[in-house]
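**Student:** Supplied in structure tokens, the structure appears directly below.
Every number in this text was worked out from the coordinates using simple rules, so none of it is lab data. In this text, all values refer to a predicted model and were calculated from it rather than measured experimentally. Cβ atoms come from the backbone with ideal geometry, glycine included; neighbour counts cover every protein chain shown.
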Amino acid sequence: MDVYAWKDRESGVYVIEAPQRLEGETAVAFRSKVKSIVDEGHYCLVIDLKDTVYMDSSGLGAMVSRIATTRSNGGDIRLANLNPFIQELIQVTNLNRVFQIFDSTEAAIASFGDKARKKQTEENTVSSNVVTHP
């Protein structure tokens, strides 16, 4: 199962679109996508749950799997477009205390301000200062 993700050009924030059912094998693929984006050095993420109608504990685990890494690197993972079932699940599990939740993907992206872009600029500056020897 492919998980679709895209980078907002203006902000540098990555948006990961959660599948309709975030459970079992789809949760494994989703966790892998989150891990690969974070491992590439992108720490400002939005999980878009607009299509997600069901989620189990493996789906919840996939969403929180890299939150400590993102936060320790100046970023965060934020949620957008939760339907009533997913909203209730997040509240019952107290993950509403962990995640910032937004009504739209655009609002979640905007909540980062310039944080993602500044982080990329800092990394590019460090990279450009590296001298390689033949």
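**Student:** For segment 63-80: of the residues being among the hydroxyl-bearing types (Ser, Thr, Tyr) and assigned to a helix (DSSP H, G or I), which is surrounded by the most Cβ atoms within 10 Å (Cβ to Cβ)? Show your work before the answer.
**Tutor:** The first filter runs over segment 63-80 and keeps only residues among the hydroxyl-bearing types (Ser, Thr, Tyr), leaving 65, 69-70, 72.
Checking the rest, the ones that are also assigned to a helix (DSSP H, G or I) come to 69-70, 72.
Details: Thr69: 15, Thr70: 19, Ser72: 9.
This residue is Thr70.
**Student:** Does any residue of segment 39-62 turn out to be assigned to a helix (DSSP H, G or I), under 18 Å from Ile109 (Cβ atoms) and free of Cβ contacts under 8 Å to residues at least 40 places away in the same chain?
**Tutor:** No, segment 39-62 contains no residue that is assigned to a helix (DSSP H, G or I), under 18 Å from Ile109 (Cβ atoms) and free of Cβ contacts under 8 Å to residues at least 40 places away in the same chain.
**Student:** Here's a follow-up. Are any of the residues in segment 27-47 of a type in the set (S, T, N, Q) and touching a Gly at 6+ places or on another chain (Cβ under 9 Å)? Before you say what the answer is, go through the steps one by one.
**Tutor:** Here is the first cut: in segment 27-47, the ones of a type in the set (S, T, N, Q) are 32, 36.
Retained after the next criterion (residues that are touching a Gly at 6+ places or on another chain (Cβ under 9 Å)): none.
No, every residue in segment 27-47 fails to be of a type in the set (S, T, N, Q) and touching a Gly at 6+ places or on another chain (Cβ under 9 Å).
**Student:** Which of the residues belonging to segment 8-19 are surrounded by 13 or more Cβ atoms within 10 Å (Cβ to Cβ) and either in contact with a strand residue (DSSP E or B) (Cβ under 7 Å, 6 or more places away or on another chain) or not hydroxyl-bearing (Ser, Thr, Tyr) (or both)? First the steps, then the outcome.
**Tutor:** Of segment 8-19, the ones surrounded by 13 or more Cβ atoms within 10 Å (Cβ to Cβ) are 8, 11-19.
Within segment 8-19, Asp8, Gly12, Val13, Tyr14, Val15, Ile16, Glu17, Ala18, Pro19 meet the criteria.
**Student:** Return yes when Val92 is free of Cβ contacts under 8 Å to residues at least 24 places away in the same chain, out of contact with any helix residue (DSSP H, G or I) (no Cβ under 7 Å at 6 or more places or on another chain) and of a type in the set (Val, Ile, Thr) and no when it is not.
**Tutor:** Working: free of Cβ contacts under 8 Å to residues at least 24 places away in the same chain: yes; out of contact with any helix residue (DSSP H, G or I) (no Cβ under 7 Å at 6 or more places or on another chain): yes; of a type in the set (Val, Ile, Thr): yes.
Yes.
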